[in-house]
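Colleague: The structure follows.
The values are calculated or read from the model by the stated rules, or taken from the named source; none is laboratory data. Here the structure is a predicted model, which means the values were calculated and not measured. Backbone-built Cβ (ideal geometry, glycine too); neighbour counts: all protein chains shown. We work out accessible area using only protein heavy atoms, side chains counted, and drop any ligands, DNA or RNA first. Shrake-Rupley method; radii C 1.70, N 1.55, O 1.52, S 1.80 Å.
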Amino acid sequence: MAVMNVAKFERFFRLAASLDVDKGDLRRYNDFIDQEIYDLLLVGQAHAKTNDHVLIWPSDLPITKGLQESIHVFREIDEQIDLLPILEGLTKHPPMDLDYNDETKAELPEIAGGMSVALARTFKLIEPGIKNPATPDWDRALKVFNLLL
């Protein structure tokens, strides 16, 4: 990841939850985004098939109230740091049985941003005084996401 991008992610985590992250954290973060977007699309694909859609539409994606609120928070933070273009590059479009329409593709970076806010805040919920998440902190936070998504 480019140095400028690293600085933006560091700033994002500071704004979202007063966390200090390093390059190792950003690798874990990238893996998190890959897995969560894939899982989201997998469930969206199942919904699309159930609804007889030939493409995955945004309405097929399982966006919870909490994730929607985190997406709104991400938009506010993004106005300050312009992270969305970087997330567009990080938000891979894994091959699925069904393709997704352009609207779904366009929404994925903001969804990833919302997941990022939720992740940062999950660290604080699990360990309120945390400043710099270590591997065990990441493991616990990711287990929470695996239970919920």
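Colleague: In the range 67-81, is there at least one residue being touching a helix residue (DSSP H, G or I) at 6+ places or on another chain (Cβ under 9 Å), among the acidic types (Asp, Glu), in a loop (DSSP other than H, G, I, E, B) and modelled with pLDDT of 95 or more?
Modeller: Taking every residue of the range 67-81 in turn, none turns out to be touching a helix residue (DSSP H, G or I) at 6+ places or on another chain (Cβ under 9 Å), among the acidic types (Asp, Glu), in a loop (DSSP other than H, G, I, E, B) and modelled with pLDDT of 95 or more.
Colleague: Considering only residues that are in a helix (DSSP H, G or I) and either modelled with pLDDT under 95 or not small (Gly, Ala, Ser) (or both), which ones fall in the range 115-128?
Modeller: In the first step, residues of the range 115-128 are kept if they are in a helix (DSSP H, G or I); the result is 115-126.
Answer for the range 115-128, where residues must be in a helix (DSSP H, G or I) and either modelled with pLDDT under 95 or not small (Gly, Ala, Ser) (or both): MET115, VAL117, LEU119, ARG121, THR122, PHE123, LYS124, LEU125, ILE126.
Colleague: Out of everything in the range 45-59 that is touching an Asp or Glu at 6+ places or on another chain (Cβ under 9 Å) and part of a helix (DSSP H, G or I), what residue ends up being least open to solvent (accessible area, probe 1.4 Å)?
Modeller: We begin by selecting, within the range 45-59, every residue touching an Asp or Glu at 6+ places or on another chain (Cβ under 9 Å); these are 45-51, 53-58.
Filter once more, so that each one left must be part of a helix (DSSP H, G or I): 45-50, 58.
Details: GLN45: 16, ALA46: 52, HIS47: 77, ALA48: 0, LYS49: 96, THR50: 109, PRO58: 23 Å².
Among those that are touching an Asp or Glu at 6+ places or on another chain (Cβ under 9 Å) and part of a helix (DSSP H, G or I), it is ALA48.
Colleague: Pairs under 9 Å by beta carbon, first residue under 18 Å from LYS8 (Cα atoms) in the range 24-36, partner polar (S, T, N, Q) and open to solvent by 10 Å² or more (accessible area, probe 1.4 Å), six or more apart or different chains?
Modeller: GLY24/THR135; ASP25/ASN132; LEU26/ASN5; ARG28/THR135
Colleague: For the range 1-30, which positions are open to solvent by 40 Å² or more (accessible area, probe 1.4 Å), under 20 Å from LEU108 (Cα atoms) and of a type in the set (A, V, I, L, M)?
Modeller: MET1 - this is the single residue of the range 1-30 that is open to solvent by 40 Å² or more (accessible area, probe 1.4 Å), under 20 Å from LEU108 (Cα atoms) and of a type in the set (A, V, I, L, M).
Colleague: Here is a follow-up. Just to be sure, is ILE71 over 22 Å from ALA7 (Cα atoms), in contact with a Gly (Cβ under 7 Å, 6 or more places away or on another chain) and of a type in the set (A, V, I, L, M)? Full working, then the answer.
Modeller: Values: over 22 Å from ALA7 (Cα atoms): no; in contact with a Gly (Cβ under 7 Å, 6 or more places away or on another chain): yes; of a type in the set (A, V, I, L, M): yes.
Considered against the rule, which asks whether it is over 22 Å from ALA7 (Cα atoms), in contact with a Gly (Cβ under 7 Å, 6 or more places away or on another chain) and of a type in the set (A, V, I, L, M), ILE71 comes out as no.
Colleague: Report yes if ALA112 is in a helix (DSSP H, G or I) and closer than 29 Å to ALA134 by Cα, otherwise no. Talk me through it step by step, then tell me what you get.
Modeller: Numbers: in a helix (DSSP H, G or I): yes; closer than 29 Å to ALA134 by Cα: yes.
Yes; evaluated as a whole, the condition is true for this residue.
Colleague: Kindly indicate whether SER70 is more than 13 Å from LEU41 (Cβ to Cβ), surrounded by 17 or more Cβ atoms within 10 Å (Cβ to Cβ) and not charged (D, E, K, R).
Modeller: Working: more than 13 Å from LEU41 (Cβ to Cβ): yes; surrounded by 17 or more Cβ atoms within 10 Å (Cβ to Cβ): yes; not charged (D, E, K, R): yes.
So SER70 fits the description; yes.
Colleague: Still on this structure, I have one more. Given the structure, is ILE33 assigned to a helix (DSSP H, G or I) and among the β-branched types (Val, Ile, Thr)?
Modeller: Values: assigned to a helix (DSSP H, G or I): yes; among the β-branched types (Val, Ile, Thr): yes.
So ILE33 fits the description; yes.
Rundown of residues vs (1) open to solvent by 80 Å² or more (accessible area, probe 1.4 Å); (2) under 15 Å from the mean Cα position of the chain (by Cα), yes/no style:
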residue	(1), (2)
PHE32	no, yes
VAL43	no, no
ALA112	no, yes
PHE123	no, yes
PRO128	yes, no
VAL144	no, yes
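Colleague: Starting from residues that are of a type in the set (A, V, I, L, M, F, W, C) and assigned to a loop (DSSP other than H, G, I, E, B), keep the ones in the range 82-106 and report whichever is surrounded by the most Cβ atoms within 10 Å (Cβ to Cβ). Step through it out loud before you land on a result.
Modeller: Here is the first cut: in the range 82-106, the ones of a type in the set (A, V, I, L, M, F, W, C) are 83-84, 86-87, 90, 96, 98, 106.
Subsequent filtering for residues that are assigned to a loop (DSSP other than H, G, I, E, B) retains 83, 96, 98.
On the way: LEU83: 22, MET96: 14, LEU98: 18.
It comes out as LEU83.
Colleague: Next up: Counting just the residues of the range 75-93 that are touching a residue at least 60 places away in the same chain (Cβ under 8 Å) and over 15 Å from the mean Cα position of the chain (by Cα), which one comes out farthest from PHE9 (Cα to Cα)?
Modeller: Kept after step one, since they are touching a residue at least 60 places away in the same chain (Cβ under 8 Å), are these residues of the range 75-93: 77, 80-83, 86, 90.
With over 15 Å from the mean Cα position of the chain (by Cα) added as a condition, the list becomes 80-82.
Details: GLN80: 12, ILE81: 9, ASP82: 10 Å.
Among those residues, the one meeting the criterion is GLN80.
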